[in-house]
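To keep things clear, I will list the structure first and then write my remarks on it.
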Amino acid sequence: MAAPERTTEAAKQAYVDDIVRRRGYVLPYHKAMTEADLPVLKAADDLVTAAYLAQRALDHRTKELLFILSLTVLKAEPDHIAGHIRTALRIGVSPQEVLEAIEIALPEAGVVAFQHGFNVWCEVVGVTGIEPSPGVLPES
């Protein structure tokens with residue numbers, strides 16, 4: 001059995017840069033897998049390309065909203081959700097449209113899942129909330 005082919009550092013860097021160009025973001029696991037096992041990352045990336053990046057019946061906006069919703073329901077890492085929110089905003093999806101996609105998590109996945117995605121959305125779009133008026137909260 002032949003030894004696995006060694007991948008050069010330049011090839012690894014080129015692959016990470018290509019992920020950013022194609023997706024608009026790179027996740028920590030992309031960076032680590034590029035270093036640890038590039039052939040497996042490439043195989044997984046081929047699936048993502050076919051289902052998500054390739055132009056098919058669903059447009060890019062719809063796919064981003066679906067990704068944001070599914071990542072919210074799965075309570076994915078905040079940086080993963082944030083990357084898709086930023087991509088959606090960059091391609092013209094409004095903050096309100098992203099919020100409405102996240103809100104779909106409420107009836108099916110519950111408040112905890114919704115809050116997970118909502119907190120990421122707040123951070124990305126800069127929503128801080130409205131504080132209660134002074135004196136409204138009971139004194140402790």
Practice task
With the condition kept exactly as written, say whether any residue in the range 104-114 is at pLDDT 95 or above and either farther than 23 Å from residue 129 by Cβ or not hydrophobic (A, V, I, L, M, F, W, C) (or both).
Solution key: yes
Problem - Which numbered condition residue 8 fails, given (1) surrounded by fewer than 16 Cβ atoms within 10 Å (Cβ to Cβ); (2) under 29 Å from residue 127 (Cβ atoms); (3) β-branched (Val, Ile, Thr) - result: (2)
Exercise for the section: Scan the helices (runs of 4 or more DSSP H) fully inside the range 84-140 and keep the ones with 1 or more residues being of a type outside the set (Gly, Ala, Ser) and surrounded by 16 or more Cβ atoms within 10 Å (Cβ to Cβ). Expected result: 95-103, 111-125
Practice task
Just give me the residues in the range 68-83 being surrounded by 19 or more Cβ atoms within 10 Å (Cβ to Cβ) and at pLDDT below 95, in sequence order.
Solution key: 83
Exercise for the section: Filter the range 1-39 for residues that are in a loop (DSSP other than H, G, I, E, B), aliphatic (A, V, I, L, M) and at pLDDT 90 or above and give the result. Expected result: none
Fill in the blank from the handout: Only unsatisfied item for residue 70, checking (1) in a helix (DSSP H, G or I); (2) more than 18 Å from residue 53 (Cα to Cα); (3) within 15 Å of the chain's Cα centre (by Cα), is (2)
Fill in the blank from the handout: Over the range 40-67, the set of residues in a helix (DSSP H, G or I) and among the basic types (Lys, Arg) is 42, 61, 63
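The values are calculated or read from the model by the stated rules, or taken from the named source; none is laboratory data. The shown structure was predicted, so the numbers you read here are calculated from the model rather than taken from an experiment. Ideal geometry is used to build each Cβ from the backbone, glycine not excepted, and the neighbour counts take in all protein chains shown.
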